[in-house]
Amino acid sequence: MLQAIELTKQYVPGQPPSLDALNLTVQPGEIYCLLGQNGAGKTTTINLFLGFLPPTSGQALINGLNVAEYPQETKKFLAYLPETVMLYPNLTGLENLDFFAQLAGFRHTPDELHSLLSRAGLQTEAHGKRVGTYSKGMRQKVGIAIALAKQAKALLLDEPTSGLDPKASNEFSEILTGLAQSGTAILMATHDIFRAREVGTRIGIMRAGHLVESLSASDLTANELEAIYLQTV
Amino acid sequence: MGGSLAINQNLNRSMIRLAFIQFIRSGRYAGAGIRIGLFFLLAIGVISLFVGKQFAQQQQQGITDVVQFQQTDFPRQAALHHDDMGLLLYYLKFSVINQTRPLTALAIGQRDVNPSVQSVTIRGLEGQKYDADLTNPANLLLGNVDFSFVLVYLFPLLIIAFTYSIISDEKENGTWSIVAVQSRHLLGFIGQLFLLRLAVVMAVMLLIVALAIPVLGIPLDGVLGLFLGTSVGYILFWFSVCFWVASLQRASSTNAILLLGIWLVLLIVLPAGVNNYITARYPVPEAQATTLAQRKGYHEKWDTDKTATLEKFYAHYPQFRQVPVVDMPTDWRWYYAMQQLGDDESAGQAGELRQKLEQRERASRSIAQFMPTLHTQLQLGELARSGLGNQLRFMDYTSQFHEKMRLYSYPKIFTNAPVLAEKWTDFKVDTFTDEAPIHPLSVLGTFVLFIALFAGLGWFRFRQTIYHL
């Protein structure tokens, strides 16, 4: 579903590339977690899949389509949750969800919208309040609901649980597992080794633009993964 | 019942409505800026209608006064000079009115500088042509805050305020990445954001014009249609410029500076430059020079041999050679011949002035074809019959009118026809109705061209950069 072929991004000519010849495949039903320090190339990878950056060379494919060539068509298969979800502060959480769902071509009844927000973990009394009054975690939950509403085949997550409390993080992990079971391909950049080991099917460790390890999560304990991570970076 | 309710709710909660709420509540001051801007524009639009109304009333008053004056003055003068037709016609002033249409109140143009009433005696014309009304110097300094001013200068500012940050603001606030991923048709979505704002601005403009129709009594005709078409075209032009600037994907502050720069160039710098160019390219001989030539042509005749003067006069009007000379208190035939020759001898200068003004008018129109702002101003003036073209045609008409009155008066003077045999109250004030044709294509063509250009450039640029952060 998601595939990177020799994907390279060099922001400044002459400097070492931020992403160097990345090869990566995420199948439907798989959750691929990218670990790595700040600046390792995780966000660059996700932005290349989103088409927000033109690649220097190589290809990012979504459902077999090259993102650089088909920026609009590939969006149909994608949902995205950034590290900090920003919404329209003068609309309510419900209105924001409705707006972004309609943008993707979905018209939900108010009941469906409420149920999506609740599923994402947003308390009912906040649904009708303006997003300007929300905390970061609450916005993050609306972001999750927006991603859920699109029913996309591939989900790109850039440190999605930052700002979520442990309980909300845990609920989020359950949502991700559920989505994977129903066939969604998920690529997630994260710093959370423990959670990566929990939800991930595969784990990639990045350093200075290279994918240096690609491991199967089920073969490891969290402690082993942490040891490998610390050795690698 | 439940089903229809659900559909209604769906319609009410449509995306465009949410985008509208977002727009109207948006901004750092919770949308106050947007609402204040709209209110301000509407208020000044309404004020402009009252400025126009006041202008129309002044015009009407002036015309009423002139008509009344002519009705009372002619019989009075006739009674006073009942035995001397030549002397009577020395004094009588025949008035021509340059018809003011209700639409003129929306675009006053040069009508506050140029007189709308010309009163001429049958004496030399050239000296009388430039006897203007008294005008209010303070008014001339400020210019009129009429509808055309509000449209041409102020509407673009509101359009810029509404659209300068349409995408950049979302990028700067972080919502753009989710919008870009969620949207099925991102360019279409941007188009909707622009259309939403366009609808709001159009509504303000149409509301002002809708108010103007009853307030000023504007007839619903093709001219009003073209006037509206020009206004719509002008607003669309500015939206297309803003669309193009948005497609450059710069920061909000850069967009704002760029758009205000464009406003300044298109509305202040270029028109001033064009004006300078035209003034330098077609220097107009002073109207005063023509007056001087006419005066000289006439006054010299006092010291010239009468026969020579009359011979020149007969060369111009052979038909009066046959009119037998009759005895009269003053030799009016010779006197009016002198007056006539003043005009004849300054005809060169007068023609040159007329021609230069015509060239200026033509040149500014051709240049304006490539400057939608200037084009709008000129076209609104043309449609409201308040521009230089109208003034030139009115001057031509005044000359024809003057000639008509001369040819009517000369035989009566030369035969010293009895004054009281003439019914002086039958001399009505004449009205010039400007019927110069206006071609819709020349009015709207420029807009179509420039809107297509900027919208096309914006579309092309967006196709390349729309997803780039």
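The values are calculated or read from the model by the stated rules, or taken from the named source; none is laboratory data. What you are looking at is a predicted structure, and each value in this text was computed from that prediction instead of being measured. Positions of Cβ are generated from backbone atoms using ideal geometry, with glycine treated the same way; all protein chains shown enter the neighbour counts.
Scanning segment B:253-288 for residues that are hydroxyl-bearing (Ser, Thr, Tyr) and surrounded by fewer than 17 Cβ atoms within 10 Å (Cβ to Cβ) returns B:SER253, B:THR254, B:TYR277, B:THR279.
Checked against (1) over 25 Å from A:LYS136 (Cβ atoms); (2) surrounded by 24 or more Cβ atoms within 10 Å (Cβ to Cβ), A:THR8 meets all criteria but (2). Within segment A:210-230, residues that are aliphatic (A, V, I, L, M) have Cβ atoms under 6 Å from residues that are part of a helix (DSSP H, G or I) in these pairs: A:VAL212/A:THR232; A:ALA217/A:ARG197; A:ALA222/A:PHE194; A:ALA222/A:ARG197; A:LEU225/A:ILE193; A:LEU225/A:ARG197, counting only partners at least 6 apart in sequence or on another chain. Scanning segment B:138-197 for residues that are buried (at least 20 other Cβ atoms within 10 Å of the Cβ), polar (S, T, N, Q), touching a residue at least 12 places away in the same chain (Cβ under 8 Å) and under 22 Å from B:ALA19 (Cβ atoms) yields B:THR163, B:SER165, B:SER168, B:SER177.
Only helices (runs of 4 or more DSSP H) whose full extent lies in segment B:270-329 are considered here, and the ones with at least 1 residues that are in contact (Cβ under 8 Å) with a residue 24 or more places away in the chain and more than 31 Å from the chain's Cα centre (by Cα) are B:287-299, B:306-316. Among the residues of segment B:156-177, those identified as of a type in the set (Val, Ile, Thr) and modelled with pLDDT under 95 are B:THR163, B:ILE166, B:ILE167, B:THR175. Tallying residues that are under 20 Å from the mean Cα position of the chain (by Cα), facing another protein chain (nearest Cβ under 7 Å) and buried (at least 23 other Cβ atoms within 10 Å of the Cβ) within segment A:88-104 yields 2. Considering each residue of segment A:149-163 in turn, at least one proves to be in contact with a helix residue (DSSP H, G or I) (Cβ under 7 Å, 6 or more places away or on another chain), farther than 29 Å from A:GLY39 by Cβ and either β-branched (Val, Ile, Thr) or touching a residue at least 24 places away in the same chain (Cβ under 8 Å) (or both).
Of the candidates A:SER169, A:SER182, A:SER218, A:SER214, the single residue that is outside the structural domain of A:ALA145 (by TED's automatic domain parsing) and closer than 26 Å to A:THR56 by Cα is A:SER214. Do you know which residues across segment B:79-103 are within 30 Å of B:PHE55 (Cβ to Cβ) and aromatic (Phe, Trp, Tyr)? B:PHE94 - this is the single residue of segment B:79-103 that is within 30 Å of B:PHE55 (Cβ to Cβ) and aromatic (Phe, Trp, Tyr). If you check B:LEU453 against the conditions, is it of a type in the set (A, V, I, L, M, F, W, C), modelled with pLDDT under 90 and farther than 30 Å from B:SER95 by Cα? No.
None of B:ILE166, B:ILE190, B:ILE160 is within 14 Å of chain A (Cβ to nearest Cβ), within 22 Å of B:LEU457 (Cβ to Cβ), in contact with a Leu (Cβ under 8 Å, 6 or more places away or on another chain) and not polar (S, T, N, Q) except B:ILE166. Of the listed requirements (1) surrounded by fewer than 18 Cβ atoms within 10 Å (Cβ to Cβ); (2) touching an Asp or Glu at 6+ places or on another chain (Cβ under 8 Å); (3) of a type outside the set (A, V, I, L, M), A:SER216 misses just one: (2). Residues that are more than 14 Å from A:ARG139 (Cβ to Cβ) and in contact (Cβ under 8 Å) with a residue 24 or more places away in the chain were ranked within segment A:114-124; the one that is nearest to the other protein chains (Cβ to nearest Cβ) is A:LEU116. Inside segment A:162-200, residues that are surrounded by 21 or more Cβ atoms within 10 Å (Cβ to Cβ) and of a type in the set (Phe, Trp, Tyr) make up a count of 1. In segment B:426-469, the residue that is nearest to B:PHE227 (Cα to Cα) out of those that are assigned to a loop (DSSP other than H, G, I, E, B) and within 14 Å of chain A (Cβ to nearest Cβ) is B:ILE466. Contact map, segment B:374-385: residues that are surrounded by fewer than 24 Cβ atoms within 10 Å (Cβ to Cβ) paired with residues that are at pLDDT below 95 and not in a helix (DSSP H, G or I), Cβ distance under 6 Å, separation 6+ or inter-chain. Pairs shown: B:GLY381/B:ALA107; B:GLY381/B:GLY387. Answer with yes or no whether B:TYR336 is surrounded by 14 or more Cβ atoms within 10 Å (Cβ to Cβ), in contact with a Gly (Cβ under 6 Å, 6 or more places away or on another chain) and in a helix (DSSP H, G or I). The answer is no for B:TYR336. For segment A:200-233, what are the residues that are under 21 Å from A:GLN3 (Cβ atoms), out of contact with any Gly (no Cβ under 9 Å at 6 or more places or on another chain) and β-branched (Val, Ile, Thr)? The answer is A:ILE203, and nothing else. Where helices (runs of 4 or more DSSP H) sit wholly within segment B:1-91, those with at least 2 residues that are modelled with pLDDT of 90 or more and either within 14 Å of another protein chain (Cβ to nearest Cβ) or in contact with a strand residue (DSSP E or B) (Cβ under 8 Å, 6 or more places away or on another chain) (or both) occupy B:32-80.
The single condition among (1) more than 15 Å from the chain's Cα centre (by Cα); (2) crowded, with 21+ Cβ neighbours inside 10 Å that B:TYR397 does not meet is (2).
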